[in-house]
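Derivation of every value follows stated rules applied to the coordinates shown; laboratory data play no part. Computed from a predicted model, the values in this text were never measured in an experiment. Glycine also receives a Cβ, built like all others from the backbone with ideal geometry; neighbour counts cover every protein chain displayed.
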Amino acid sequence: MMEEGATDVPRGTPEWVAFVSAQRARIVERLERYNNPGTAREQLAELGDLSPYQHYKINTVSAFLHRALAKIAEGSYGRCDRCGGEIANARLLLVPAAVQCATCGQEEDRRPAHAR
């Protein structure tokens, strides 16, 4: 759900601080959900293995979530790891763990996996 007015919150304001705090809470909630041992135990009991999506959430998505938390702690949340530019607030709302702007993210997606 996109918060009304959140896409135009100016950086460095009390509203930005509140936005980042809310994003941190969303990221922590996702980490807890994705890395829930109960979910993993249920899948193991039912399927005998974790689903590929569960592996993806645990291994790949969790790494981005942890990186986003580190960026919040260091004060660089909302800055692209590749070009240093701003990541649009709308992108951060849709993907709280975004560590690249849309342009750099698209370029990364076009690169072969072995070249990343």
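Taking 35 Å as R0, compute the FRET efficiency from the Cβ-Cβ separation of S76 and E32 and round it to 0.05.
Computed FRET efficiency for S76 and E32: 0.90.
Starting at the first residue of the stretch 59-75, write each ³J(HN,Hα) from the Karplus equation 6.51 cos²θ - 1.76 cosθ + 1.60 with θ = phi - 60°, in whole Hz, x for Gly and Pro.
Per-residue couplings from phi come out as 8, 9, 4, 4, 5, 5, 4, 5, 5, 4, 4, 5, 5, 4, 4, 8, x Hz.
List the trypsin sites (Lys or Arg not before Pro) within the stretch 49-82 that fall in a DSSP loop (any state other than H, G, I, E or B) and whose Cβ has at most 15 other Cβ atoms within 10 Å. It would help to have the intermediate numbers written out before the result.
On the way: sites: K57, R67, K71, R79, R82; in loops: R82.
Within the stretch 49-82, the qualifying trypsin sites (Lys or Arg not before Pro) (loop, at most 15 other Cβ atoms within 10 Å) are R82.
Contour minus end-to-end for T39 and R11, with contour as 0.36 nm per residue of separation and end-to-end as the Cα-Cα distance?
Details: separation 28, 0.36 × 28 = 10.08 nm, distance 3.72 nm.
Here the segment from T39 to R11 would lengthen by 6.4 nm.
Measure off 7 Å from each Cα along the Cα-to-Cβ vector at A22 and R110, then give the distance between these two points in nanometres to one decimal.
Modelled inter-label distance: 3.4 nm.
Using just the C-alpha positions of the stretch 12-115 as equal point scatterers, what log10 of I(q)/I(0) does the Debye formula give at each q in 0.14, 0.19, 0.22 1/Å?
-0.62, -0.97, -1.15
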